[in-house]
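The values are calculated or read from the model by the stated rules, or taken from the named source; none is laboratory data. Note that the structure is predicted; figures quoted are calculated from it, not measured. Ideal geometry is used to build each Cβ from the backbone, glycine not excepted, and the neighbour counts take in all protein chains shown. To get the accessible areas, we keep the full protein, side chains included, count just its heavy atoms, and leave off ligands, DNA and RNA. Shrake-Rupley method; radii C 1.70, N 1.55, O 1.52, S 1.80 Å.
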Amino acid sequence: QVQLVESGGGLVQPGGSLRVSCAASGRIFSINAMGWYRQAPGKQRELVAAITSGGITNYADSVKDRFTISRDNAKNTVYLQMNSLKPEDTAVYYCSANINTYYSGTLYQNSDYWGQGTQVTVSS
């Protein structure tokens, strides 16, 4: 059983900042990568940012230089610091994680897990 718990969403004015957090818990053997996706009404879900256990990061072009993803491996937690927010950043933000869970002995299963989503609204 793995659960991703998100927090930190809310309403922000354009130009403001917000930090969302996601903590993973459960039968976790290891976490290979964690990240954030978002989906705005009428649009496809898109990758916002991701980070591997080794610290390699990826960002969508639309958020580069504004958003920063970080990870606390000891806490199985990923953060997304969002600065200079724009109305077009308004979306439901979903936490995701690629996790190896305990299976049998030293064996494990690998799966992608998703949080419930948290609403980020940038008013105009």
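With every protein chain left in place and a probe of 1.4 Å, what is the accessible surface of residue 124, to the nearest 10 Å²?
For residue 124, solvent-accessible area is about 140 Å².
Report in % the part of the accessible area of the chain that belongs to carbon and sulfur, leaving out ligands and nucleic acids; probe 1.4 Å.
Summing carbon and sulfur atoms, their accessible area is 46 percent of the total for the chain.
Full-extension gain between residue 32 and residue 84, please, as 0.36 nm times their residue separation minus the C-alpha to C-alpha distance.
Full-extension gain reported as 15.8 nm.
Within region 104-124, which residues have the backbone N less than 19 Å from the label spot 7 Å out from residue 39 along Cα→beta-carbon, could you tell me?
Inside the label zone: 112-122.
Which value, in Å³ per residue, describes the convex hull spanned by the Cα atoms of region 12-85?
So the per-residue hull volume is 110 Å³.
So which trypsin sites (Lys or Arg not before Pro) in region 14-50 are both in a DSSP loop and have at most 10 other Cβ atoms within 10 Å of their Cβ?
Within region 14-50, the qualifying trypsin sites (Lys or Arg not before Pro) (loop, at most 10 other Cβ atoms within 10 Å) are 43.
Given the chain, what percent of its DSSP beta bridges are antiparallel, to the nearest 5?
Among the beta bridges of the chain, antiparallel pairing accounts for roughly 95 percent.
How long is region 51-124 along each principal axis, judged by its Cα atoms, biggest number first, in Å?
Result, largest extent first: 54, 24, 21 Å.
Using only the C-alpha atoms of the chain, find the volume of their convex hull and express it per residue in Å³.
Convex hull volume per residue, Cα atoms: 95 Å³.
Residue by residue through region 96-104, which ³J(HN,Hα) values in whole Hz follow from phi under the Karplus form 6.51 cos²θ - 1.76 cosθ + 1.60 (θ = phi - 60°), with glycine and proline marked x?
Per-residue couplings from phi come out as 9, 8, 9, 10, 8, 9, 4, 10, 7 Hz.
Can you tell me the convex hull volume per residue for region 10-50, based on C-alpha atoms, in Å³ to the nearest whole number?
With only Cα atoms used, region 10-50 gives 123 Å³ per residue.
Using the Cα centre as the reference, give the magnitude of the dipole from point charges on the C-beta atoms of the chain (Lys, Arg: +1; Asp, Glu: -1; all else neutral), rounded to the nearest 20 debye.
So the magnitude is around 100 debye.
Count neighbours as other Cβ atoms within 10 Å of each site's Cβ, and list the trypsin sites (Lys or Arg not before Pro) in region 53-112 that are DSSP loop with at most 11 such neighbours.
Those that pass, being in a loop and sparsely packed, are 64.
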